[in-house]
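One structure is given below, encoded as structure tokens.
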Amino acid sequence: MITTSKHKAWSKAIAEPASEFDLTPLEIIEGEIPADLRGSLYRNGPARLSRGKQRIGHWFDGDGAILGVHFTGTGASGVYRYVKTEGYLDEQQKDAYIYPNYGMTAAGAFWNNWLRSIKNAANTSVLALPDRLLALWEGGKPHALDLETLQTIGIDELSALTDKQPFSAHPKVDPVTGNIFNYGVGAGVNAVLNLYRCDPTGKLEQQNAHTLSGLPLIHDFCFAGQYLVFLVSPVRVSIPSVALGQKSYSDALEWQPELGTEILIFDRDDLSLISRGKTESWFQWHFANGYVNDDGNIVTEFTRYEDFATNQYLKEVASGSTETKAPGSLWSLTIEPQTAKVISNQQILAACGEFPLVSPAKVGQDWRYTYLNVHRDGVTHGEELFNAIARYDRETGKMAIADLGDNFYPSEPIFVPSQNNPEQGWILTVVYDGNCDRSEVRIYHSDRLSEASVCRIALPSVIPPGFHGTWKGK
């Protein structure tokens, strides 16, 4: 149990397991829903961080729950449901944590870590397909949900995935073809990087595999024109300590800066390896985007950390109190694709931020605006969760910030492009109000973030801070 009197206001949002609610009309607090905003917002994140007297070991261990907000001509309706994974149902029946997870070992004897596979928490992201929603997680297959009610349908095989082929949480959708690119890391002494290309319906059409050195932590990749780019940070799992049940995966991750950052570049068509290289050490969770410039070089943008202290900070989030400072900032890396040679590598925004994204119409292409979470002025990383959203203008180098005020915590800003301009539209974010212990959806003009939101919509229950979301238009 979290004692909130000794914690920041956001800790109240995770003090108790989140409460589901059925599809219900939502009340507008102020403003109006834009007339051209028609579709559904989906968000995923850890919603249950405790069972009985047990608390999870890392924020990444929490059971995933999906928020769906549907916008129609008559208003907005919302639904919030846990993903009913096999592990969730088993632990719900026993009212105890029994499976190993990212930051937890299995309950009972150490050999339970061999007998029980790591629990698929289905808590990281979502992918909206024409006929179903996929709840995504780092180390396993997706779970399919009903697009309207969010009822869990079951494990989704994407037509052809095997048990050793995870489908990771950061697929990229080509805005030109609708094809979906993704990967999954198969665990082993030398892990296998499985690459996938699916058609717009989610059917697996092309795959390839590449053997890695050791078992690294790869959370995201970059889609840039003709290329898929992976930056493999120098973090490796100590496999014996996990296999013997001595440590969780998180505790067994070792920062090995002497390895450098490995660059892997693949062709988008046949998923073959084009080049590989090595550069200085850093860690990154997320890419903003990438493209091929006029010189034929790959330009990538990502949030860079100087070491792996970010993992400790994220572990502390689950306790309701953070003290580790692990700031990340926006960097740009330019690479020659045929040799993987680094041409330039520089910080482009000093502000501490995370969850960078761009207009879905600009994925894999040159773009102007990057949207991300940042801290309010005067707040340093380690004291608070992100409490503002921002738009970074890559042409001018300027940043516009939506400062929501004390004890308001917005989620990753989801961009919804207008029909006439792919880089103008609406920004949607789910906000936890730590002053009143409630959650809401806020809608902003994408080019007027520093102004008040155009609409605020109340949610029936608290939505804990989460990770990633998406928009599915009508």
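Let me know the charge dipole size of the chain about its Cα centre in debye, to the nearest 20, where only the beta-carbon of Lys, Arg (+1) and Asp, Glu (-1) is charged.
Dipole about the Cα centre, nearest 20: 720 debye.
Ratio of alpha-carbon Rg to the 2.2 N^0.38 Å globular estimate for the range 204-321, to two decimals, please. Intermediate values should be presented prior to the final figure.
Numbers: Rg = 16.1 Å, N = 118, 2.2 N^0.38 = 13.5 Å.
Normalised by 2.2 N^0.38 Å, the Cα Rg of the range 204-321 equals 1.19.
Students often forget the sequence filter, so: which lysines lie under 16 Å Cα-Cα from Lys278 once same-chain residues fewer than 8 apart are removed?
Lys341
Just how much of Val173 is accessible, in Å², when a 1.4 Å probe is used and the result is rounded to the nearest 10?
About 60 Å², rounded to the nearest 10.
Excluding residues fewer than 8 places away in the same chain, name every one of the aspartates and glutamates whose C-alpha is closer than 15 Å to that of Lys247.
Asp61
With N set to the residue count of the range 363-447, report its C-alpha Rg divided by 2.2 N^0.38 Å to two decimal places.
Values: Rg = 13.7 Å, N = 85, 2.2 N^0.38 = 11.9 Å.
Its radius of gyration relative to the 2.2 N^0.38 Å reference: 1.15.
Give me the Kirkwood hydrodynamic radius of the range 316-376, using the inverse of the mean 1/r over all pairs of distinct Cα atoms, in Å to one decimal.
Numbers: mean 1/r = 0.0699 Å⁻¹.
Here the Kirkwood hydrodynamic radius works out to 14.3 Å.
Top to bottom by accessible area (1.4 Å), largest first, where do Asp393, Asp163 land?
Values: Asp393 15, Asp163 145 Å².
Order by accessible area, largest first: Asp163, Asp393.
Set Lys and Arg Cβ to +1 and Asp and Glu Cβ to -1, take the dipole of the chain about its Cα centre, and tell me which of Ile335, Ser321, Ser248 lies farthest positive.
Ser248
In whole percent, and with a 1.4 Å probe on the protein chains, what portion of the accessible area of the chain is carbon and sulfur? Walk me through the numbers on the way to the answer.
Details: 8620 of 18340 Å².
Here it works out to 47 percent.
Using the Cα centre of the range 25-113 as origin and beta-carbon charges of +1 (Lys, Arg) and -1 (Asp, Glu), tell me which of Ile33, Ala65, Ser77 is placed farthest towards the positive end of the dipole.
With unit charges placed on the Cβ atoms, the residue in question is Ala65.
When the Kirkwood radius is taken over all Cα pairs of the range 285-432, what Stokes-Einstein diffusion coefficient follows at 10 °C and 1.306 mPa s, in µm²/s?
Values: Rh = 16.3 Å.
D, rounded to a whole number, is 97 µm²/s.
For n ≥ 4 DSSP H runs only, could you compute -39500 (n - 2.57) per run for the chain, divide by its residues and tell me the 222 nm figure to the nearest 500? Write out the running numbers ahead of the final one.
Working: 5 runs with 31 residues, N = 474.
Only helices count here, giving -1500 deg cm²/dmol.
If I take all pairs of Cα atoms in the range 25-95, what percentage of them are more than 17 Å from each other?
Numbers: 1371 of 2485 pairs.
The share of Cα pairs beyond 17 Å in the range 25-95 comes to 55 percent.
What is the dipole size for the range 366-433, taken about its Cα centre, with +1 at each Lys and Arg Cβ and -1 at each Asp and Glu Cβ, in debye to the nearest 20?
Numbers: 5 positive and 11 negative charges, 49 e Å.
My answer is approximately 240 debye.
How many nm separate the modelled label positions at Gln246 and His7, each set 7 Å beyond the Cα in the direction of the Cβ?
Calculated label separation equals 3.2 nm.
Between (1) 76, 65, 47; (2) 59, 53, 45; (3) 71, 59, 41, which matches Cα extents along the principal axes in Å calculated for the structure shown?
(2)
Over 23 Å between C-alpha atoms is what I'm after, so list which of Lys164/Lys362; Lys53/Lys315; Lys172/Lys472; Lys84/Lys164 land there.
Numbers: Lys164/Lys362 32 Å; Lys53/Lys315 18 Å; Lys172/Lys472 14 Å; Lys84/Lys164 21 Å.
Pairs exceeding the cut-off: Lys164/Lys362.
The values are calculated or read from the model by the stated rules, or taken from the named source; none is laboratory data. In this text the structure is predicted, and so the values were computed from the model without any measurement. We place every Cβ from the backbone using ideal geometry, glycine too, and count neighbours over all the protein chains shown. These area figures cover heavy atoms from the full protein model, side chains too; ligands, DNA and RNA do not enter into them. Shrake-Rupley method; radii C 1.70, N 1.55, O 1.52, S 1.80 Å.
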